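Derivation of every value follows stated rules applied to the coordinates shown; laboratory data play no part. Please read all numbers here as calculations on a predicted model, not as lab measurements. FYI the Cβ positions are ideal-geometry reconstructions off the backbone, even for glycines, and counts take in every protein chain you see.
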Amino acid sequence: MSEVGAVDPTTGRPGKEYPILWWTTWFWRHQFEGRVVDFCGLPYTCRMTHDRSVYKDTSTVIFHASMFELDTKDTPPLEDAVLPKKAWIVITEEAPKDFQQDPRWTNVFTHLWSYHLTADFVQTYFTGGRAPYSYLWSIMKKPAFTIEEKNQRRREGLAPVAWIASNCKSLNHRQYYVKQLQKFIDVDVYGKCLKNKEWPKNPDGTELDTYEVVAPYKFYLAIENSNCDDYVTEKLERPFALGVVPIVDGPKDYSPFIPTRNSVIKEDDFASPAHLARYLHKLDNDDAAYMRHLSFKYPNSTDAKTWEHLSPKLREVYDTGDGADDWGNDSRGSECKICKFTHDLAEGFTKLDPKHRLPIDRTCQIDKWGKTSWALDFWSSYILLALAVLSLLVTLVNRRARGALLRYAGVMISRVQNIRGSHVDEVKEPFIPRS
């Protein structure tokens, strides 16, 4: 590492520079090569590199979870992490995959860099502080459309609800819920999953950006692809910034991420998509009730921003200050914390604990919507189509076999209908959020 000395005339940065090694790529790219961490208000800096030749000189090694394979020869000496001689930090921005539930895998690493609020280095999807484009700034931003303008767009044929999704292979099968919801209320869907709406374009043929697409809607499906503690992505910031009411499904506890309890509508607060749709219709026809979900944006009669009315948990996580030495739970803040940690290890100010390992994340609710009757409903049309094609093929060969196949198809359809009926019979009354 660089030695202490005068300010480098080429960089203007004082003190030592400590190397931080990225052992893996970031999705096959040397994303962090040469990145200098010099924005932390520290009397030293850190330089990130993918050059493995610096391994012997660094006290900190970073591994991208999606790019790391334990059972290969492409790893540093395992004893360096076991003893431990170096900090092995694994970073992940995604919900845990199956291999991350394996103790053989998690026991390799000494520290976790993650969205999880209990991680050693916390990096949520949102920027801390109150500066422009921070998460709190987005939450308090003036809505893009007034309620009168939204009502006018509704009269022009815009659906009350929007969803943008490209992943139809989510772990929780959220698409089943959306498909069922569409039976009871109009949902404009953009993207590759359940698309029923083409992406809007400007008069010159260029596409609108995502914020422009979402802005005129009353509700937005900010539903995650996995249900795990603290896993809340940029899907939530988008509607907050625009003054669109988010409909959410993700972790059980949203309190660290929302300004008030009434600022979101949770799918789990309703017995079924039909009950949720009923509540959305009510809000769509009652401006005062709808605006109560956006009341956090209007805490007083002036335009002056105030923060005291926001959730204490939200402020604890994100109201972190905007100075160089105010390290939030975001990318810059986590890099600063890792830089200081690297310095403290190198200088002997802190020691590695051999017992400090990654906990296995058992908070995820796998296949949340895949075990409902809605899943059968989602696939029933495909099943019937397949049976029809098979029936046609069999007809060409054997009329008797065709009759047996049709009887079997009738039994299968009856079973699907019975399951749907039993599900409806079990529906409880919905929880209606307090105004």
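At a glance:
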{"read-out": "Residue 94 versus residue 271: modelled label distance in nm, points set 7 Å from Cα along the beta carbon direction", "value": "3.8"}
{"read-out": "Prolate/oblate/rounded call for region 135-317, Cα gyration tensor, a/c under 1.5 rounded", "value": "rounded"}
{"read-out": "Filter on 197/368; 86/313; 97/141 - keep pairs with C-alpha separation over 29 Å", "value": "86/313; 97/141"}
{"read-out": "Packing rank of 199-207, 121-129, where each peptide gets the mean count of other beta carbons within 10 Å, highest leading", "value": "121-129, 199-207"}
{"read-out": "Residue 51 paired with residue 195, simple spin-label distance in nm, labels 7 Å along Cα-to-beta-carbon", "value": "4.4"}
{"read-out": "Least to most buried among 316, 267, 198 (fewest other Cβ within 10 Å first)", "value": "198, 316, 267"}
{"read-out": "Modelled FRET efficiency - R0 35 Å, residue 104 with residue 313, Cβ distances, 0.05 increments", "value": "0.50"}
